[in-house]
Amino acid sequence: MKPLFTDASFVINPRDRIALVGKNGAGKSTMLKILCGQQQPTAGTVSVPNDTTIGYLPQVMRLVDDTTVREETQKAFAGIAAMKARVEHLERQMSERTDYESDSYMQLVERYTTEHERLMMMGAESREAELERTLVGLGFNRTDFDRPTSEFSGGWRMRIELAKILLEKPDVLLLDEPTNHLDIESIQWLEQFLAQSPSAVVLVSHDRAFINNVSNRTLEISCGRVIDYRVKYDEYVTLRRERREQQIRAYENQQKEVAEMKAFIERFRYQATKAVQVQQKVKQLEKIVPIEVDEVDNSAMHLKFPPCLRSGDYPVICEEVRKAYGDHEVFAQVNMTIKRGEKVAFVGKNGEGKSTLVKCIMGEIPFDGRLKVGHNVQIGYFAQNQAQLLDEQLTVFQTIDNVAKGDIRLKINDILGAFMFGGENSDKKVRVLSGGERSRLAMIKLLLQPVNLLILDEPTNHLDMASKDVLKEAIRAFDGTAIVVSHDREFLDGLVTKVYEFGGGRVREHLGGIYDFLRTKKISELQELEQTQQQTLPRPLPTGRGVDTSTKKKTGKTAQQGNCPPPSQGGATGRPAPLGNGAGGGSASYAEHKEQQRRKAKAEKAVKASEQKIERMEARLKELDDLLMIPENASDMTLVTEYTSTKKALDEEVENWERLSEELESLK
């Protein structure tokens, strides 16, 4: 069996911030287990000084649920409690003895002084305050502290374990995917904590922004070796690319040399005069150690969603939506309009209602208020439980082969490779896949289905960086609408243009990308402190960036038409119309009035004709979509070409209709 890695030699220094990177299966988690002593290396040694303490957070652990959050977290102070007991014991001994001048008494005093100083350095006096700061930083409310841990999900219990490890203040922190169950605010808190911690840190994470902000050194496991790059992650990426280019050149030169040797051997194998030279070439060939090139970079792999029927202009509209479980109100007065083609993010602490609103949109749970899913909307939904709905009797390849249509069928192996199912992995049965592998397979399946509204709930948790790049590019090129629930800032950066923040039972709309939102958030928090006097008002309407969608008042018609315009823009035609100029009054002459009426009638006729053209094209697109869903038509280029040209013409006609509607409204 081929070893995961060999001849790995490195030293972890005080205050090192090491990012341990490599493709899935390279041995990152195994390396952490070896460092903390849970596994023994096949060969070699791991030397740890006797007084060095190690804290280890695995990806998965068995959790005990017989305590409250506070009681479970206080277990981190077990070492402090034992030390405090020793100090108290020494103190009693000193009070009971009277041989103050003896050497043994002086040794007792010295031992007491040393232990007491260590106890003070460990923060024994402030541990409760530190416990509360850590739990709050990781997303807990103070009201959660005395709740049983059994009431929390696995992700929240992992946060408790992380809090315990951080509070133990070990000399070396080993963290395996610590951000998988954290929201954006908690990740930022953890970044700051690690930056200020005196501990050395070795972490495995697929959150690119997190490891780049934390790391000052990168260890890569590649081709069975551990390569030490003494730079932060971003700089490592550049150095690795240069290294791989050198490897490729060296590999090509070696292959050329091998080919020349083989050609010489074949040419002169049976010539006695060349026997010595042939034997020399054979020996040289046997001694050549093949140059290995680092894992193939799949980030250039491109995926594109298949064509789908065009949805209405407003795929999702929420008006005064409220959801409560008994007395617990998750959110209320949610007013939201998502336009066709928008890519938006749902962010906020866990438990604030992001996934709950997604379930409301999906129609999976009841709610109060009005929520309208637009005309012709076809939803593609990804959540962690989607992975459990896969057919366990099929292989990985068969699962994707069953949904792939058209030319994409020729690229199934490439697609599987991009999502870490290359080679023999594609022949695995779904029933033997891990939870993370099933999630990745469900994601590939979604990418190959024709939808026009994507709803992705934490899509990157089990993807490596190359796979995340493939997914991000596919969503960016997607011409439909996308709602992404995620805590991965790097993934959301450059992908979304609007952020909905969930918190305190409200949903706030922030225009701009994820980093615009994060910058604005700090400002808005200061503004909230300054506006405490205004809290007696029902809900003040903020202006500019950071609009509270729970307070937006929408007026006008309530859009029951096919493509579902927002209530504030409902017009007689059922399509969005700009606000008019209002009645100007005045005493226009009869001729001017007559001319205006003529222009108005002409504009109304043009709008009506445009609407009829749009309806005809939408109907034809639906017919073509139904035809393309039939397997034997999937590769019919005539139908595909007609679909593409009709869709382009439809988009142009919608723009024309919008221009005509503006002219008509100005005349009104």
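The values are calculated or read from the model by the stated rules, or taken from the named source; none is laboratory data. Because the structure is predicted, anything quoted here is derived from the model rather than measured. Counting neighbours? That spans all protein chains shown, and the Cβs are built from the backbone with ideal geometry, glycine included. To get the accessible areas, we keep the full protein, side chains included, count just its heavy atoms, and leave off ligands, DNA and RNA. Shrake-Rupley method; radii C 1.70, N 1.55, O 1.52, S 1.80 Å.
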Original post:
Is one or more of the residues making up segment 88-106 touching a Cys at 6+ places or on another chain (Cβ under 7 Å) and either without any contact (Cβ under 8 Å) to a residue 12 or more places away in the chain or outside any helix (DSSP H, G or I) (or both)?
Top reply: no
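Being at pLDDT 90 or above and farther than 25 Å from Glu329 by Cα: is that true of Gly436 here?
On the way: at pLDDT 90 or above: no; farther than 25 Å from Glu329 by Cα: yes.
Considered against the rule, which asks whether it is at pLDDT 90 or above and farther than 25 Å from Glu329 by Cα, Gly436 comes out as no.
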**OP:** Provide a single number: the residues in segment 17-34 that are in contact with a strand residue (DSSP E or B) (Cβ under 6 Å, 6 or more places away or on another chain), at pLDDT 90 or above and open to solvent by 20 Å² or more (accessible area, probe 1.4 Å).
**Re:** 0
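Confirm whether Glu437 is open to solvent by 10 Å² or more (accessible area, probe 1.4 Å) and in contact (Cβ under 8 Å) with a residue 60 or more places away in the chain.
Values: open to solvent by 10 Å² or more (accessible area, probe 1.4 Å): yes; in contact (Cβ under 8 Å) with a residue 60 or more places away in the chain: no.
So Glu437 fails the test.
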Subject >> Wholly within segment 432-527, helices (runs of 4 or more DSSP H) carrying at least 3 residues that are under 30 Å from Asp625 (Cβ atoms) >> reply: 435-447, 465-477
Subject >> Matching residues in segment 142-164 - criterion: being over 17 Å from Pro58 (Cβ atoms) and over 24 Å from the mean Cα position of the chain (by Cα) >> reply: Arg142, Thr143, Asp144, Phe145, Asp146, Arg147, Pro148, Thr149, Ser150, Glu151
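In the set Glu220, Glu242, which member is more than 25 Å from Ile514 (Cβ to Cβ) and in a strand (DSSP E or B)? Before you say what the answer is, go through the steps one by one.
Values: Glu242 fails: in a strand (DSSP E or B).
Sole residue among the options that is more than 25 Å from Ile514 (Cβ to Cβ) and in a strand (DSSP E or B): Glu220.
Residue under question is Leu57, and the condition is that it be closer than 30 Å to Thr149 by Cα, open to solvent by 30 Å² or more (accessible area, probe 1.4 Å) and either modelled with pLDDT of 85 or more or not small (Gly, Ala, Ser) (or both); does it hold?
Details: closer than 30 Å to Thr149 by Cα: yes; open to solvent by 30 Å² or more (accessible area, probe 1.4 Å): no; either modelled with pLDDT of 85 or more or not small (Gly, Ala, Ser) (or both): yes.
The answer is no for Leu57.
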Original post:
List pairs: first in segment 652-668 and surrounded by 14 or more Cβ atoms within 10 Å (Cβ to Cβ), second of a type in the set (Lys, Arg), Cβ under 6 Å, 6+ apart or cross-chain?
Top reply: Glu653/Lys613; Leu667/Arg599; Leu667/Lys600
**OP:** Determine which member of the set Glu130, Glu91, Glu177 is farther than 29 Å from Asp66 by Cβ and charged (D, E, K, R).
**Re:** Glu91
**OP:** Scan segment 378-388 for residues that are over 18 Å from Ala477 (Cα atoms), aliphatic (A, V, I, L, M) and either assigned to a strand (DSSP E or B) or touching a residue at least 60 places away in the same chain (Cβ under 8 Å) (or both) and report the count.
**Re:** 1
**OP:** Residue by residue through segment 203-253, note down the ones that are of a type in the set (Gly, Ala, Ser) and modelled with pLDDT of 90 or more.
**Re:** Ser215
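Residue-by-condition table, conditions (1) under 30 Å from Gly351 (Cβ atoms); (2) of a type in the set (Phe, Trp, Tyr):
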| site | (1), (2) |
| --- | --- |
| Ala81 | no, no |
| Tyr100 | no, yes |
| Tyr105 | no, yes |
| Arg118 | no, no |
| Val136 | yes, no |
| Leu162 | yes, no |
**OP:** Working only within segment 171-196, note down all residues that are open to solvent by less than 10 Å² (accessible area, probe 1.4 Å), farther than 22 Å from Ala345 by Cβ and either assigned to a loop (DSSP other than H, G, I, E, B) or not charged (D, E, K, R) (or both).
**Re:** Leu173, Leu174, Leu175, Leu194
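Give the residue that is surrounded by the most Cβ atoms within 10 Å (Cβ to Cβ), with candidates limited to residues of segment 112-155 that are among the charged types (D, E, K, R) and modelled with pLDDT under 75.
Applying the first criterion (among the charged types (D, E, K, R)) to segment 112-155 yields 115, 117-118, 125, 127-128, 130, 132-133, 142, 144, 146-147, 151.
Those left that are additionally modelled with pLDDT under 75: 118, 125.
Working: Arg118: 14, Glu125: 10.
So the residue we want is Arg118.
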